[in-house]
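The values are calculated or read from the model by the stated rules, or taken from the named source; none is laboratory data. It should be emphasised that the depicted structure is a prediction, and the values quoted were computed from it without experimental measurement. Reconstructed Cβ throughout: ideal geometry from the backbone, glycine too, with neighbour counts over all protein chains shown. In case anyone asks, the SASA skips ligands and DNA or RNA and just uses the protein heavy atoms, side chains included. Shrake-Rupley method; radii C 1.70, N 1.55, O 1.52, S 1.80 Å.
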Amino acid sequence: MQIWRLVAHHEQGLAAVEAMKSQGRIAIGWNDIGDLREIAAKDSRAITKAIKGAYPTLKNAHLGGPSLWDFHRSMCPGDLVIISSLNARRCVFRVTGDYFFDEEDQLCEYSHQRAAELTDLSAEQLWHEVGACYADGYNQRWTLVLCGAEETPQEESATYQEGSRHSVTATAIERNPAARAACLTHFGYDCQACGFNFASTYGEHGKHYIHVHHRVELASSDGPVYTDPEKDLIPLCPNCHAMVHRGKDTMSVEALRQLLDENKAS
Ligand SMILES: [Zn+2]
Ligand SMILES: [Zn+2]
């Protein structure tokens, strides 16, 4: 799952956002280059070249090539898209369909489209969770930009890493900003074992602090592991996180909850 930022429209920003909401689609301009599936560009530069050809007087062709390439080739159903207009992050859509091109049925004059549904995720919170930055190699002036740093800060995982048998893969997934963001937008910031919430205890200073634990035992699996942020990942406070990783085998979160209940009762 990836997280993108899409500028809704350069002239009719707010109208475009409303159209996206009511029609369940997201879209990008530069219609005159035609259907990207037919152009069969081999990279983003080829699309930039096509834009220059179709719009000889336009000076922003270099912003369109990479954006259209990603919109067609890199975006996937399930990805989240932060919609920005007039320099504000407005809402978050989830991509539900493949790229299509329709000149008859445009979205706010744009023909390159994908089906997408509005989510109730907060655009600001998602942006914060993904590291409040764009991915390496991306230029924020592009219409469509991939969000997120390669890694979240080290100190967040340091507590439980030390002396634990936590596998390298699980650690990488727990630190993956996109996976983390999707998990936290689903669960929120309460520890899912003991209920601890950093903001409730430490106020503003503790806001948005929590560990994210990868529930799946990865040691036996080979090859890349698909992570479902709502099933495989779960927010835990550092104490509970340390406890599930204590011992030879990782304890399930359910077993830890039971342990907490037993000891509260006695
Ligand atoms: Zn806890
Ligand atoms: Zn963990």
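Some observations on this one:
- For a label point 7 Å along the Cα-to-beta-carbon line of H10, residues of the range 24-62 with backbone N under 17 Å: 27-34, 47-62
- Nearby aspartates and glutamates by direct alpha-carbon distance to K52 (threshold 17 angstrom, same-chain neighbours under 8 apart not counted): D32, D35, D43
- Simple Cβ-charge dipole of the chain, Lys/Arg +1 and Asp/Glu -1, about Cα centre, in debye nearest 20: 460
- Subset of K207/K231; K42/K231; K207/K248; K207/K264 violating a 30 Å alpha-carbon distance limit: K42/K231; K207/K248
- Solvent-accessible surface of the range 3-146, averaged per residue with a 1.4 angstrom probe and all protein chains in place: 47 square angstrom.
- Rg/Rh ratio calculated on Cα atoms of the chain (Kirkwood radius): 1.06
- Where labels lie 7 Å past Cα in the beta-carbon direction, separation of N239 and T57 in nm: 6.8
- Shape category assigned to the range 3-146 from the gyration tensor of Cα positions, a/c cut at 1.5: prolate
- DSSP beta bridge pairing in the chain, given as percent antiparallel to the nearest 5: 85
- Partner lysines for K49 [C-alpha distance under 16 Å; skip if fewer than 8 residues away on the same chain]: K59
- Sites S252 and E124 - FRET efficiency at Förster radius 25 Å, r taken between beta-carbons, to 0.05: 0.15
- For the listed peptides 41-48, 22-29, a ranking on the average number of other beta carbons within 10 Å per residue, highest first, reads 22-29, 41-48.
- Peptide packing: for 193-199, 238-244, 73-79, the average count of neighbouring Cβ atoms within 10 Å per residue gives the ranking 238-244, 193-199, 73-79, highest mean first.
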